[in-house]
Every structure is written in C-alpha cells, then in structure tokens.
1. Here is a list of conditions, (1) part of a helix (DSSP H, G or I); (2) modelled with pLDDT under 95; (3) within 14 Å of chain A (Cβ to nearest Cβ), and B:Ala38 meets all of them except one; can you say which number that is?
2. How many residues, within the range A:50-74, are in contact (Cβ under 8 Å) with a residue 24 or more places away in the chain and either under 18 Å from the mean Cα position of the chain (by Cα) or not in a loop (DSSP other than H, G, I, E, B) (or both)?
3. Can you say whether B:Ile50 is buried (at least 16 other Cβ atoms within 10 Å of the Cβ), under 24 Å from the mean Cα position of the chain (by Cα), free of Cβ contacts under 8 Å to residues at least 60 places away in the same chain and in a helix (DSSP H, G or I), as far as the supplied structure shows?
4. Residue check: is B:Ala57 under 20 Å from B:Gly173 (Cβ atoms), crowded, with 16+ Cβ neighbours inside 10 Å and small (Gly, Ala, Ser)?
5. Look through B:Gly196, B:Gly178, B:Gly184 and report the one residue that is surrounded by 24 or more Cβ atoms within 10 Å (Cβ to Cβ), farther than 23 Å from B:Val102 by Cα and either at pLDDT below 90 or not β-branched (Val, Ile, Thr) (or both).
6. Are any residues in the range A:30-75 of a type in the set (Gly, Ala, Ser) and closer than 18 Å to A:Pro101 by Cα, and if so, which ones?
7. Output the helices (runs of 4 or more DSSP H) that fall wholly within the range A:135-228 and possess 2 or more residues being more than 14 Å from the chain's Cα centre (by Cα) and over 19 Å from A:Leu48 (Cα atoms), or say none.
8. Within the range B:132-218, considering only helices (runs of 4 or more DSSP H) that don't extend past its boundaries, which have at least 2 residues that are under 28 Å from B:Leu55 (Cβ atoms) and either in contact with a helix residue (DSSP H, G or I) (Cβ under 9 Å, 6 or more places away or on another chain) or of a type in the set (Val, Ile, Thr) (or both)?
Amino acid sequence: MRLPGDFTFHKQSDPWLSWHYFTSNAHAIVSATQTHVTLTLESVALGLLFAIPMAALARQRRWLRSLILNLCTAVYAIPSLAFVVAMVKIFELNSLTIVIPLASYSLVILVRNILTGLDEVSGEAVDAARGMGLSDKRTFFLVRLPMALPTIMAGVRLAVVSTIELVVIGGYVGQGGYGSKIFEAFSARSHTELTTYILLTVLLALVADVVLLVAQRLLTPWRRGLAS
Amino acid sequence: MSSTWHQIGTWFTSRSSWLGADGGAGVFRLLYQHVWIAGLSLVITCAIGIPLATLLARWRRGGLVVTSIANAARSVPVVGVMLLLAVGPVGIGTEPAVIALVIFALPPIVTNTYTGITDVDTETTRAAVGMGMTRLQVLWRVELPLAIPLIATGVRLAAVQLWATATIAAIVGSGGLGQLITVGYATQYYGEVYGGVILIAVTAIGLDAAMQRLQTVVRRRYGAVTNP
C-alpha cells in the first residue's frame, strides 16, 4: 500500500532530538500549543455541559442511571479514528470534527465522577438546606453541586489529561494542534519533528495535571489538609 | 446526506467490500488482520506485564514507580509512537503497530496485577508461610490466585482498548478494519468510511460487553474480594 509519506528525499540532518529545532521553531510550537490547549478545553467544557444534566437525570431513576452509564461506556468504546473521520463529512474543517468525539469520550469520566460526588453529599446538609426553605433547584446548585466539587474536579482533571493525548488523532484530519504537526512530520519523515511534538504532548499532559491539582486545592479550600 | 446513505447501502450490499476485489482487502481479511494485531499485542502485553508486575509486587518497592510510569505512559500519544516507529528503524507494517500497542496496553495490566498482589491480606500470606510454604509457593498458590479478579479486570480493559486502538494501525500500513476508514477517506468514498465506522464501533461495543460478561464469570469463579 502506498502511504502519504511514501517517497524518499535527502535531508541534511535529522537527529532524534534537537534543541536547535526547538528554538528555531518556537513560533510554530507556541501556535500548535495554543490550538492543542483550546481544543482540549473546548472538548472538556462541552463534555461538562452535557455531563451535569446527564448525571442529574441519572439520579432520578435506577434504570436511567444504568442506561446513561452504559451509554457512556459504549460511546467510549468507539475508536477515535472512526469517530473523527465520521465527523469530517458533517463538520468538515470546523473544529467540532474533533471536539464532538472528544467531548463524548470525556463523558464516561465526567458523568461517573459527578454521580459519585453527588452521591457522597451528606443527607444532613441537604435536609438543613430544605429546612432553611431552599427549593430543590437551589438545593442542587447551592448545596449539592458545591459539596460534590472535589470529586467533580478530580474527574475534570482526569478528563483533561486524557483528552490532551486524544487530541493528537485529530491531526489525521488536520485538526490536531500537536497532532497536525505529528502527521505532517510523518509525511515529511522528520524524526526531530515527531519526537519533539510527542514529547510536547506528554509534557503538556503533565503540566495540565499539576495546574489542575493546584486549581482543585484552591477551589475547595475546606478540603485542604485532607487527603485528596 | 441522502447520497451518503445510498453509498453506505451500496457498500454494505456489494460483494467486493466483504470479499475484496482488485487487490484490495475485503472485510473478512481485514477483520482477520485486526484480530491478529490486537490479539498478538494482548498476548505480548500479558507476557511482559504480568510477570513484571509480580516481580515488582514481590519486591514491595515499586508502588510509586509503577503508578507514575503508568500515568506517564497514559499521556504518550499512541499514534505518535506508531508513526515514529514507522519512519524510524522498524519501518512500515505490523511491527510498529504492535510495539506501540503493547506500550499503550501495559499500564492497565501492570497496575491491576500489582494492586491485586499487594492487596492480598498479610495475615493470609503469613498463614501460608506458617503452613510451611516457601516464598514461591505462597506467590503461586496464594497471592496469584487471589489476585485473579483484578488481573482479569486489567486484561479486560487492555483488550477493549487494544481492539479500539488497533484501528489506528491502518495508518502505518498494517491493515485491520481501520483500513476501511483510511482508504475510504483517502478516496473520499464515504460509503466505505461509514461502513468501516459502523463495523468497528459495533465490534468494539460487542467486545466490551462480552469481556464484561467474561469478567463477571471469572470474578464469581475466583471470588472477588477486592473492589474493581
């Protein structure tokens, strides 16, 4: 089979790692990073937008709960390449091509964590809120959701870190941030470019993990000192 | 969109898409390749991962090392590694796909086996030692059997992930069901793309359900004492 990168040409030097490549391509690296981060955040934000009502709905009935959880697991089992290419025909060059599959994948982590978080909210706190005359809706947004925040944030953190790796497949349809660069590098057979962007993906995931851990601590000051 | 539906119908009902024509592989051949790639990767991963985790668990030190390496490995983009191996020393074909898939599938198997063995109650192992068992006998006849439910969870997760991710292997020219997507996308024949997407999604979801059932059987047989 003939592949897109199936041609040979001469290159002057193509080491596996090069600091020179890193510094001389700083501009391209920064812009790829911006795209990668934007796609990741858009995907998780869209996922969260759907996950909260889904989790709230799942708490209503036992059968709804297992239905929603099974649905999320089933969607997660769909291979990313298949999902992304299936979206290309519909959204073409719009970033939704990659954002919709990734948001769908994040549901399995987000819904599960939001559910666990909401389940862990103590009945006493909810009773107290009711006793103060809060409506169901206000109890949900003012008591249940904030009390579930640590578990929800842990889910968001996990979702962001795994999405950063998943964005790369978008490069196959020209929507990937680092992924686009990785596929371009494959076509050009550039070792340096490939290793650089693979390492950047791992690095970005590590940075995101640490940043979100700090954010999690800051957002839930009452949990400080407790094991998270 | 209506023409796409028509194309999908044509693709599904045409004989050549199942049996292959003009040197192109049909669904049956691609399915065989897919099973081969995912199956081989699973066997290699188990052959490396389970003994490795057992050693680390016996050594009782690897805890932090195992979890941090597993976490780092999760953020490595599989596509990137596959493409890197393909342009590098390994070349295009099954090898880069299998190597990348093994790296990718190791974390769930290693972490689950490790946790399974270290979670065995120390009183149980002490009792076994008190009965005159050697270290090796304790491992083989007490710790490993008790760890089976968790090892099974790891194998299930790895198998499902491998089946889904083996789709990407088509990009580096090792065939498999993903080739329906790559070839269809390259030739802009969306009947084939969506046909492939449907086949891959259905088999992935089916495998997930089958593995879950199998896991339940294993858990019942070996008495699950630890949480998933």
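1. Condition not satisfied by B:Ala38: (2).
2. So in the range A:50-74, the residues in contact (Cβ under 8 Å) with a residue 24 or more places away in the chain come out as A:50-52, A:54-56, A:58-59, A:65, A:68-69, A:72-73.
Imposing the further condition that a residue be either under 18 Å from the mean Cα position of the chain (by Cα) or not in a loop (DSSP other than H, G, I, E, B) (or both) reduces the set to A:50-52, A:54-56, A:58, A:65, A:68-69, A:72-73.
The qualifying residues number 12.
3. Working: buried (at least 16 other Cβ atoms within 10 Å of the Cβ): yes; under 24 Å from the mean Cα position of the chain (by Cα): yes; free of Cβ contacts under 8 Å to residues at least 60 places away in the same chain: no; in a helix (DSSP H, G or I): yes.
Taking the combined requirement at face value, the residue does not satisfy it.
4. Numbers: under 20 Å from B:Gly173 (Cβ atoms): no; crowded, with 16+ Cβ neighbours inside 10 Å: yes; small (Gly, Ala, Ser): yes.
So B:Ala57 fails the test.
5. Numbers: B:Gly178 fails: farther than 23 Å from B:Val102 by Cα; B:Gly184 fails: surrounded by 24 or more Cβ atoms within 10 Å (Cβ to Cβ).
Step by step, each of B:Gly196, B:Gly178, B:Gly184 is checked, and only B:Gly196 is surrounded by 24 or more Cβ atoms within 10 Å (Cβ to Cβ), farther than 23 Å from B:Val102 by Cα and either at pLDDT below 90 or not β-branched (Val, Ile, Thr) (or both).
6. Passing the criteria: A:Ser43, A:Ala45, A:Gly47, A:Ala51, A:Ala74.
7. The qualifying helices (runs of 4 or more DSSP H) are A:136-139, A:178-187, A:191-219.
8. Details: elements: B:135-138, B:144-165, B:178-186.
The helices (runs of 4 or more DSSP H) meeting that bar are B:135-138, B:144-165.
The values are calculated or read from the model by the stated rules, or taken from the named source; none is laboratory data. Please read these numbers as outputs of a predicted model, since none were measured by experiment. Neighbour counts are summed over all protein chains in view; Cβ atoms, including those assigned to glycine, are modelled from backbone coordinates with ideal geometry.
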